[in-house]
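Colleague: Mind having a look at this structure? Questions to follow.
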Amino acid sequence: MNCFKQIIICLLFIAVSFGCQKHETEETSSKKALVHINDTVITVEEFQGVLKRLLSDSVSSVNKEDLLELKKNILAQVIEEELILDEAKKMSITASEAEVSKEIEGIKKDYQDDVFTDTVVNRYGSHEKWKEEIRRKILIRKTIDFAAASKVLLTDNDLTAYYREHKAEFKVPEKVKMRMIILSTEDEANAVLKRLRKGEDFTKAAKEVSMDRDSPNAGEFGYYSRGDLPKEFEDVVFSITLARASEVVKTSYGYNIFRVDEKTKARDSNFQEVKGIIAERLKRERSDRAFQEWLFNLKQKAKIEIEEELL
């Protein structure tokens, strides 16, 4: 997984939490240093706190070699975040109280207040420590955006060139607008088919007898492309005559009668239809590449010393 994706995953789970101290503090100097990143120290104790929050109890079943590799990957991610936060400080990027509060409210909405508080305290020790992790998350995200995404400029020529090269990816598949009546016995289905052949409205019949008749849209199933439906449905609806009830078809769902009211052939999307999708895709790809280059340069310039025997 590339560096950019690792960091974003870390942000989404809000899991990495450690209190980095500077060289001049007495507390840090009295503890074993696991890694030095320029003038920042991460101690063994701090990193163990990270692991505790990131790794579940099931990690105890992981063999030593795999666990060591996992620890190295997590430490690499921690180092990357520290480098980014150092750059945030140099560029005077900040996270306001309003931004932090908005982020917290967005997370809290999925929890009951008591459950939320217990979860935060159990994982981070206090609400204030968790709040600082939210601030760190915002700083990292804003710095990444400043260093990568905001630097990507796309021209119309970029978009049209991408469209020409990837035209096959933007095909609009063949579609049908289908209706279906589902019955539990073959006799019922044959009786309904006779009514339909005499001209009775398909939807009216569906609302009276179909197994889904209690649904507000009984009998109406909407638009589908190939691959959207069970094959036993697809084989019928993409082959039957338009605007005419099919024969009774036995499927794993019961006895079915299908009707297709519209069919559209597969076609190429025109440029305007997919311009926005292309812009998002290109920006994401180029942002990722720009971020990796930027982070690589940070690592090249940084002084990083790791005491691997302490992992």
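Colleague: Kindly provide the set of residues from segment 66-98 that are farther than 24 Å from V35 by Cβ and touching a Lys or Arg at 6+ places or on another chain (Cβ under 8 Å), ordered by number.
Modeller: A95
Colleague: Quick one: which strands (runs of 3 or more DSSP E) sit completely within segment 214-267 and have at least 1 residues that are of a type outside the set (A, V, I, L, M) and closer than 18 Å to E200 by Cβ?
Modeller: 220-225, 254-264
Colleague: Shifting gears a bit: Hey, S210 hits all of (1) within 21 Å of R244 (Cβ to Cβ); (2) polar (S, T, N, Q); (3) in contact with a Pro (Cβ under 8 Å, 6 or more places away or on another chain) but one; which does it fall short on?
Modeller: So the condition that S210 fails would be (3).
Colleague: Return yes or no: is T203 touching a residue at least 60 places away in the same chain (Cβ under 8 Å), in a helix (DSSP H, G or I) and surrounded by fewer than 17 Cβ atoms within 10 Å (Cβ to Cβ)?
Modeller: No; evaluated as a whole, the condition is false for this residue.
Colleague: Oh, and also: Identify the single condition in (1) in contact with a helix residue (DSSP H, G or I) (Cβ under 9 Å, 6 or more places away or on another chain); (2) surrounded by fewer than 16 Cβ atoms within 10 Å (Cβ to Cβ); (3) in a helix (DSSP H, G or I); (4) without any contact (Cβ under 8 Å) to a residue 12 or more places away in the chain that N157 does not satisfy, given that it satisfies every other one.
Modeller: (1)
Colleague: State whether the residues of segment 72-88 include one that is closer than 15 Å to I134 by Cβ and aliphatic (A, V, I, L, M).
Modeller: Yes, because at least one residue in segment 72-88 is closer than 15 Å to I134 by Cβ and aliphatic (A, V, I, L, M).
Colleague: Can you tell me which of F291, F296, F258 is surrounded by 18 or more Cβ atoms within 10 Å (Cβ to Cβ), in the same structural domain as H36 (by TED's automatic domain parsing) and not aliphatic (A, V, I, L, M)?
Modeller: The conditions single out F291.
Colleague: In addition: For the list (1) crowded, with 18+ Cβ neighbours inside 10 Å; (2) free of Cβ contacts under 8 Å to residues at least 60 places away in the same chain; (3) within 28 Å of E305 (Cβ to Cβ), I need the number of the one condition that I140 fails.
Modeller: All conditions pass for I140, except number (2).
Colleague: Within the bounds of segment 46-65, is there any residue that is over 24 Å from Q300 (Cβ atoms), of a type in the set (V, I, T), touching a Lys or Arg at 6+ places or on another chain (Cβ under 9 Å) and surrounded by 12 or more Cβ atoms within 10 Å (Cβ to Cβ)?
Modeller: The answer is no, given that none of the residues of segment 46-65 is over 24 Å from Q300 (Cβ atoms), of a type in the set (V, I, T), touching a Lys or Arg at 6+ places or on another chain (Cβ under 9 Å) and surrounded by 12 or more Cβ atoms within 10 Å (Cβ to Cβ).
Colleague: Among the numbered conditions (1) touching a residue at least 40 places away in the same chain (Cβ under 8 Å); (2) surrounded by 14 or more Cβ atoms within 10 Å (Cβ to Cβ); (3) touching an Asp or Glu at 6+ places or on another chain (Cβ under 9 Å), tell me where L196 comes up short.
Modeller: Unmet condition: (3).
Colleague: Moving on. Out of all the residues in segment 186-193, is one or more within 41 Å of the chain's Cα centre (by Cα) and not in a strand (DSSP E or B)?
Modeller: no
The values are calculated or read from the model by the stated rules, or taken from the named source; none is laboratory data. Note that the coordinates shown come from a computational prediction; the quantities given were computed from them, not determined experimentally. Virtual Cβ from ideal backbone geometry, glycine too; neighbours counted across all protein chains shown.
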